[in-house]
Amino acid sequence: MNHLFPLLFRMLIILSLFFSFNATGYAQLITPEEYFGFQPGADRELFNYQPLIDYLQKLDEASPRIKMAEIGRSPMGKKMYAVFLSSEENIRNLEELKIINKELALNAGLSEESVAELVNKGKVFILATLSMHSTEVGPSQAAPLVAYEVATTTDPALLQWLDDVVYMMVPSHNPDGMDMVVDHYNQSKGTKYEGGNLPVVYNKYVGHDNNRDFITLTQSDTKAIARIYNKTWFPQVMVEKHQMWSTGPRYFVPPMHDPIAVNIDEKIWNWTWVFGSNMAKDMARDGCAGVSQHYLFDDYWPGSTETALWKNVIGLLTECASVQYAKPIYIEKNELKVVGKGLGEYKKSINMPMPWEGGWWRLGDIVKYELASTWSLIKTGSIHRKDILLSRNVLCKGEVAKGRNSAPYFYIFPAHQHDEGELADMLALLDEQGVDVYKTNKKLEIGGKVVEQGDYVIPLAQPFRAFIKEVLEVQKFPERHYTPGGKLIKPYDITSWSLPLHRGLKSIVVNEKGTGLEKSIDKVTFPITKIAALSENTKALIFPARNNESYKMAFMAMQIGIRVKRATSTMKIDGVEVNPGDFILPVTKKEFGNLKKLFVSSIMNPIQLSSEIKEGVVELKMPSVALIETNFHDMDAGWTRFLFDSYAVPFTIVKPGEVVEKDLSGFDVIIFPDNDKTVLLEGKYKGRNNTYNLPSMDPRYTKGITKEGVQKLMKFVDEGGTIVSWGRSVGLFFGAQSIKISEKEKEEFQLPVRDISEDLKKQKFYCPGSLLNIELKEGHPLTYGMQSGAKVFTRGRPVFSTSVPYFDMDRRVIAVYPESNILASGYVENEKLLSGKPAMVWAKKGEGQFVFFGFYPQFRASTPGTYKLLFNSLMIN
């Protein structure tokens, strides 16, 4: 018997724990403070992602008011979750409630009786996404306290709210970044650099720009979040919880400031007032001073998580003043500032009726404000449950009715496009966004234009009409002014995002009613491209340069050792026209197996030839690419890394401070994405009046290229290398330059190119991020695969001017702005100043060359129409 005692004792312990109940009637739960070893929000304390998830899973296992569900993976492979917090009955009935949500969101044919029945049974789902910008730690650190309170509460009011509401919390929108930031803070804690900036982007690729990815859905974490309101749960409300700078208002709640998106129904905007006003009122009651509304943040552009607004979701934003991660800060009253757009002074006003007066500001304060705003959101959802649910179906029916009764009625995309791969990709993206895609089943004539059988059609009579119209039309910035005829309210971010224009696709807009098109279309199933088998008689595969997908296949082939050739002239083989720049993969018995795998990985069918091509081609080798990436949250470099990884382009990251000591001779191409010249050169920002803003970062991470490094880069080019540069980084290479020849001798020179954008700015040229038309130099190796014109994304800098070169230098203008009709989409002031100005320039020095872009060839992975220009830059000789 003695040997059984330890086992019986352990069983009794387990049973006693199992039957330990608190006042709720549920098993006693471990508190966040007990689990993490500190109260979330405590000074200088942060937990990582996995402990957060482990704790929430324990609550899930122990409490019937909590259920976790995996929603996807982060870019670095971490599992992402939604945590459902509600009453026990609601958690039990989640699948039924999910069906109700979908019916109300998408079924425009519901009868009044059916709607009433669904509204009576339904609950308001509030989706909360926390800390997508991982330096904004507070919302995720508050998550365990929210979950624990829901699991254990006996408060009758909160219990009533939870009967009406399902709070659907994504505890970390950016798990990868959360771990990066917390690890960085913990490593510096207790040192002089505690609270200093993270020296990388807090994401695998895009950092802060993860909040710009909700149209194009390039990143796996944004896909996971968007899927919730596009395809699966269809919440009626969503809130995106952020933090802002330290020395302004303590908190921001809706409504937003002008301008707002004109395609979004007014009922959505009115609901944001209701939720925001209740948060302001409830938070003031809870002692949260400094809450602002109708300030700074606008909602005219999609791309953030609040793209849900265009899907009939009541989309909300909160922003809390930051500390230095978990390190408290003391703020003097004179340091408190506002920046206009709703608050002209840091004073008591209608948009901030209870200012905060300064003093200590701690992570615990952020957590307090987060809890107060969360309970207010849930309370408002409960109070207005029936109206919110009813409104969701009213909006659905209203958007479908608008699509039937007001132009535009349809967008038609001809199946034959210059880049058919981009058409296939865009249609798949629309499907991922919850948009129905159709295809014509016969040839038609509409408005004097022929529509072929097999062309693609997007009807506007869909519940997500606002989104469809927003992303398919030409953007026109909604100009709003502070006073009539007065100063323009400038955009918070960019002003163009049109999917077809950014991809270089043709479309037909149907503005005529009664065309009968809806009777001649069939719904499309995805994927739309069927890849043919590779024939054993094939001697060569042709991947046309007009398709971005062809570049991907060429780079993939070279990576696995398959020979890749490129046409240098126009030729006709087996009746097929092969154009300059087209990629040719010879098919041999030795390579047949690898080619077959490559073949099926493509989204496009290459051309199969039964004849070999031996003339008019050059053999390619994989370029050795160096990518310059700073430690200053370098998002443009991050997007470039993402693009290169997506297209199988290998590269080596080189930090600016490494250039002087690095052996550059092993590289063919060095890429300089957009970044400030002084950051690249000196590791700090130059402000106004030539003063410097020193970075809040350990000096180990702030080393610049230095003048010696620039000399080394010039020597790299002089000896045959290629430098590709765009945005502000081009300034590094203009003006007086030199190459060190010996200790006593150097060669001084100046490239025959300069940036004139500052001169244009003084003449009132303004371009906040728009799509402009350019004309391209046809037949040049840099423009292979392109048409005679293109649309490029630019913030208005740089703009080039060239001059007659001397000695061993040369230049060619590859692209210019047209004389008129320069703006393609977005907003620009005084566009005529760009007329005829160079937008892209090739320059030669010695044996090497530069490629300078006056636009972003890869802006946020949203400008596929100009990817080919960048890829060609990697392969010029």
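The values are calculated or read from the model by the stated rules, or taken from the named source; none is laboratory data. Being a predicted model, the structure only gives us computed values, none of them experimental. Cβ: placed from backbone, ideal geometry, glycine included. Neighbour counts: every protein chain shown. SASA here: full protein model, heavy atoms, side chains in, ligands and nucleic acids out. Shrake-Rupley method; radii C 1.70, N 1.55, O 1.52, S 1.80 Å.
Annotations for the structure displayed:
- Annotation for Ser788 and Lys662: the two label points, set 7 Å from Cα along the Cα-Cβ direction, are 4.1 nm apart.
- Stokes-Einstein, applied to the Kirkwood radius of the range 245-380 over Cα pairs at a viscosity of 0.692 mPa s and 37 °C, places its translational diffusion at 214 µm² s⁻¹.
- Cα centroids of the range 435-476 and the range 488-565: 16 Å apart.
- With all protein chains modelled, accessible area of Arg811 [1.4 Å, Å²]: 60
- Remark: the Cα gyration tensor places the range 221-319 in the prolate category, a/c being 1.5 or greater and a/b exceeding b/c.
- You can think of it this way: the chain between Ile741 and Glu577 has 54.1 nm of extra reach, that is 0.36 nm per residue less the Cα-Cα gap.
- Volume per residue of the convex hull around the Cα atoms, evaluated for the range 546-668, comes out as 129 Å³.
- Solvent accessible area, Å² - Cys320, 1.4 Å probe, full protein context: 0
- Inter-label distance, Lys506 to Glu758: 4.4 nm, where each label sits 7 Å from its Cα along the C-beta direction.
- Euclidean distance of C-alpha centroids, the range 238-272 and the range 110-186, integer Å: 18
- Angle between the chain longest axis and helix 635-646 axis [Cα atoms, degrees, rounded to 10]: 70
- Length gained on full extension, Glu335 to Lys539: 66.2 nm, using 0.36 nm per residue less the C-alpha separation.
- Farthest toward the positive end of the dipole of the chain, out of Trp497, Gly485, Leu760, is the Cα of Leu760, where the dipole comes from beta carbon charges about the Cα centre.
- For the chain, the longest principal axis of the alpha carbon atoms and the long axis of helix 592-601 meet at an angle near 50°.
- Length, then width, then depth: along the principal axes, the Cα atoms of the range 126-165 run 36, 18, 11 Å.
- Estimated FRET transfer efficiency (Leu158, Gln50; beta-carbon r; R0 22 Å; 0.05): 0.15
- Calculated accessible area for the chain comes out at 41 Å² per residue, all protein chains present (probe 1.4 Å; ligands, DNA, RNA ignored).
- In this entry, the range 487-527 is assigned a mean projected area of 6.3 nm², taken as a quarter of its C-alpha convex hull surface.
- Rounded to whole Å, sorted largest first: equivalent-ellipsoid semi-axes of the chain, Cα gyration tensor: 47, 35, 29
- Cα-centred dipole magnitude for the range 234-374, charges only on beta-carbon of K, R (+1) and D, E (-1), debye, nearest 20: 340
- Rounded FRET efficiency, nearest 0.05, which uses the C-beta distance separating Gln750 from Lys589 and R0 of 45 Å: 0.25
- Rounded to the nearest 20 debye, dipole of the chain from Cβ charges on Lys, Arg, Asp, Glu: 960
- For Asp718 and Lys777, the FRET efficiency from 1/(1 + (r/R0)^6), where r spans their Cβ atoms and R0 equals 30 Å, is about 0.75.
- Net length gained if the chain between Tyr482 and Asn605 were fully extended (0.36 nm per residue, minus Cα distance): 38.9 nm
- Estimated from helices alone, the mean residue ellipticity of the chain at 222 nm is -9000 deg cm²/dmol (sum of -39500 (n - 2.57) over DSSP H runs with n ≥ 4, per residue).
- Descending by average beta-carbon neighbour count within 10 Å, the peptides 584-593, 227-236 line up as 227-236, 584-593, the highest first.
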